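The values are calculated or read from the model by the stated rules, or taken from the named source; none is laboratory data. Keep in mind the model is a prediction, meaning the values are calculated, not measured. Positions of Cβ are backbone-derived with ideal geometry, glycine not excepted, and every protein chain shown enters the neighbour counts.
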Amino acid sequence: MKLFVSVAICGFFSLAVFAADQTKAPSKYSAEFVKHWKTARELTLAVADAMPAENYDFKPNPEEMSFGEQIAHIAQANYSYCARMSNGKSPFAKPEKFDKETVMKLAGESFDYCSEIITPLSDDQLNELRGPEGRPQFTVRELTAGALMHMAHHRGQTEVYLRLKNIKPPTYKF
């Protein structure tokens, strides 16, 4: 029996999550993924925190997103990938400003949102297809990989921004 739950949070948006299937245990993959996702959360927030607030508008060149926009983009994509995993609607709302406090809060909440979506998933749920008909569809498992790769790509870009400001990025820990 598959259950789907929509929970209102703070009256602003709803969090769409799979409820734990009462007949199926969460996948070992889900537990392993979330362990590494939490590590990715810690490192991403450490990178975001390493940049001084006055440099959140820094762009290496005019075509690039600012540092704050990069961190917000990570959050937006986290919400998008994970909402798609649950067949829900992303609760992401573009911030009015990309200052350090706003963007760090947004990023942390996006990682937490994904952990809530992924943690209870069974192998059957991980193998379900997502995406509109007539367009490429992906398994939920593939979407977890996509979320992780996208986040790591943009976090890597922000680490370059730190180095351009002569700031040593936090050390990655596996």
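Scanning region 20-44 for residues that are among the small types (Gly, Ala, Ser) and either part of a helix (DSSP H, G or I) or modelled with pLDDT of 50 or more (or both) turns up Ala25, Ser27, Ser30, Ala31, Ala40.
For region 83-98, a residue qualifies if it is crowded, with 17+ Cβ neighbours inside 10 Å, in contact with a strand residue (DSSP E or B) (Cβ under 9 Å, 6 or more places away or on another chain) and not hydroxyl-bearing (Ser, Thr, Tyr), and the qualifying residues are Ala83, Arg84, Met85, Gly88, Pro91, Phe92.
Take the conditions over 18 Å from Phe58 (Cβ atoms) and among the aliphatic types (A, V, I, L, M) and apply them to Leu121. Does it pass? Yes; evaluated as a whole, the condition is true for this residue.
Scanning region 158-174 for residues that are crowded, with 16+ Cβ neighbours inside 10 Å and not β-branched (Val, Ile, Thr) yields a count of 5.
Scanning region 21-79 for residues that are surrounded by fewer than 19 Cβ atoms within 10 Å (Cβ to Cβ), more than 16 Å from Thr102 (Cβ to Cβ) and among the polar types (S, T, N, Q) yields Gln22, Thr23, Thr39, Asn61. When region 45-71 is filtered for residues that are assigned to a helix (DSSP H, G or I) and under 16 Å from Gly156 (Cβ atoms), the ones remaining, listed by number, are Leu45, Ala46, Val47, Ala48, Ala50, Phe67, Glu69, Gln70, Ile71. Residues that are buried (at least 20 other Cβ atoms within 10 Å of the Cβ) and touching a Leu at 6+ places or on another chain (Cβ under 9 Å) were ranked within region 99-109; the one that is nearest to Gly146 (Cα to Cα) is Ala107. Taken over region 94-123, the criterion of being part of a helix (DSSP H, G or I) and touching a Lys or Arg at 6+ places or on another chain (Cβ under 6 Å) is satisfied by Phe111 alone.
Only one of (1) under 20 Å from His36 (Cα atoms); (2) in contact with a strand residue (DSSP E or B) (Cβ under 8 Å, 6 or more places away or on another chain) fails for Thr158. Which number is that? If we test Thr158 against (1) under 20 Å from His36 (Cα atoms); (2) in contact with a strand residue (DSSP E or B) (Cβ under 8 Å, 6 or more places away or on another chain), just (2) comes out false.
Condition check ((1) within 27 Å of Pro26 (Cα to Cα); (2) free of Cβ contacts under 8 Å to residues at least 12 places away in the same chain) across all residues:
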| position | (1), (2) |
| --- | --- |
| Tyr79 | yes, no |
| Asn87 | yes, no |
| Pro95 | no, no |
| Val103 | no, no |
| Ile117 | yes, no |
| Ser122 | yes, no |
| Gly134 | no, yes |
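Being over 14 Å from the mean Cα position of the chain (by Cα) and among the polar types (S, T, N, Q) is the filter; apply it to region 110-128 and report the residue that is surrounded by the fewest Cβ atoms within 10 Å (Cβ to Cβ). Taking the candidates together, the pick is Asn127.
Would it be correct to say that Arg135 is more than 11 Å from the chain's Cα centre (by Cα), farther than 26 Å from Phe67 by Cβ, not in a loop (DSSP other than H, G, I, E, B) and not hydrophobic (A, V, I, L, M, F, W, C)? No; evaluated as a whole, the condition is false for this residue.
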